[in-house]
1. Does residue 55 satisfy the condition of being under 17 Å from residue 30 (Cβ atoms) and in a loop (DSSP other than H, G, I, E, B)?
2. Quick one: count up the residues across region 96-123 that are closer than 15 Å to residue 73 by Cα and in a strand (DSSP E or B).
3. Can you name the residue in region 74-97 that is more than 19 Å from the chain's Cα centre (by Cα) and surrounded by 15 or more Cβ atoms within 10 Å (Cβ to Cβ) and, of all such residues, is nearest to residue 115 (Cα to Cα)?
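Read-outs throughout are calculated quantities, based only on the coordinates presented, and are distinct from any laboratory measurement. All figures in this text were calculated on a predicted structure; none of them were measured in a lab. Note that we place each Cβ from the backbone using ideal geometry, even for glycine, and neighbour counts take in every protein chain shown.
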């Protein structure tokens, strides 16, 4: 009986450690407002420089709906300022997007906006 109780105590302790580790990992996520006080606007290409992004961090895109949008694209869409078929388009003006590990590309696909630097490329570790 004592051996069974000891195993249960160890199992419970391990579960508690896993719960604490999980919560610590979640707590590490940061929130970034794209463009800082200026918001999501033109000439954004350099905004990510000097920041250390991690998978799970949240980007907040603030802009006037109907004036801009945010489109999640691949590298080709980013470089060519094109919207691939099936791309996710955000239009609320207060979009929150979670970064995935690796490359993350975002553009505004309103005519001429991406070409005017309304795009960012972020690498999340």
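1. Details: under 17 Å from residue 30 (Cβ atoms): yes; in a loop (DSSP other than H, G, I, E, B): yes.
So residue 55 passes the test.
2. Total meeting the criteria: 13.
3. Ranking the candidates gives 81 first.
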